[in-house]
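Inspection log for the structure reproduced underneath, given as C-alpha cells.
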Amino acid sequence: MFISFLCGVILHEMAHASVGRYCGYEMKKIVLMPYGAMIYGGEQFRDKEGLKIALAGPAASGFCALITLAMWWLVPSLYDILLDFLMANVMLVAINLLPCFPLDGARAVLAIAKNKIKTLRILKIFGVIIGLVMVSLGIASFWFIPNITLISVGAFVLIGAVSGSKKEEYYFVASKMNYAKDYKHGVTTRNVLISRDLRVYNLLRYISDKYLTTFVVVDDNGDMVVEIVESEVQNLLLKSSSNTTILDII
C-alpha cells in the first residue's frame, strides 16, 4: 500500500512538473510529506498555463486509474496486486480537486477567477468547512473502523485554509495579476492615491492586468508621503502580515 501511494503521488507531481516545463516554467523541486507532496515552481504562472499545470496532476492520476482498470480487464489476476494503486490514484483525484487552497482544485479555480481576492477568501471558507468535516468524520470513525488518513488530510486542509502561508497566498495572487499583463498590445499607466493607514494586502484590489499602477501614499491632508510602484507590492506582501499598514513599512 505504501509503495502504491508513493508511486501515485510521484506520478501526480511529475505530471505537474512536465506540463510546467512544457509551458516554459522551471519546476524547482518536489517535496514529499506524510500527507502528500507539493511541487515548487515560483507560482508565477499566467492564468491559462496555471490552469493546465493545476489540472495536470489530477488528470495523470485519473489516467493511471483508468489504465489500472484496463489491465484488470486484460489480466484479471492483477486485481489483488494493483488494487492499492487504483485506490491511491482515485483518492489523489478526489482530494486534489477539492476547492481548498493550496490543493489543485483551488489553484484551478483561482486561474479562471476574475476577482482573485474575493475568490481566495471564498476558497478559504470552503477549506475550513471541508477540513472540519473531514476531521470530524475521522474522529467519528474510531467508533467503527478507525481512519487516521481522513484526520490527517482534514488537518492539512484545515491548516492550509486557516493559516496556510499567507505570504505564499498573497505572492500567488499578486504575481498572477502582475504577470498577466499584455505588454505587446500596450498597458495603460495610472496613479492611485491611497491613505497611509491602508493595510498592505488591500493594494491587491487595485492591481489589474489592464493597468500598470503607481500608488501615491498620502497623509491626512492629502499631501504625498511616498510612491510605491506595482513591482514592489509583492516584496511588501512577503514582509507583511494581514494587519500591516502602509504606515508600518514606510
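Tabulated data
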quantity	calculated
Segment 89-152 versus segment 1-15: alpha-carbon centroid distance in Å	19 Å
Ascending count of other beta-carbon atoms within 10 Å, so fewest first, for Tyr79, Tyr183, Tyr211	Tyr183, Tyr79, Tyr211
For percent of Cα pairs over 23 Å apart, calculated from these coordinates, the label among (i) 48; (ii) 58; (iii) 53	(ii)
Kyte-Doolittle at least -1.0, axis length at least 15 Å by Cα - qualifying DSSP helices, the chain	2-22, 47-74, 79-96, 116-140, 148-162
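A short reminder: the numbers here are calculations on the coordinates, not readings from a lab. Only a predicted model underlies this, so the values are computations on that prediction, with no experimental measurement involved. Note that we place each Cβ from the backbone using ideal geometry, even for glycine, and neighbour counts take in every protein chain shown.
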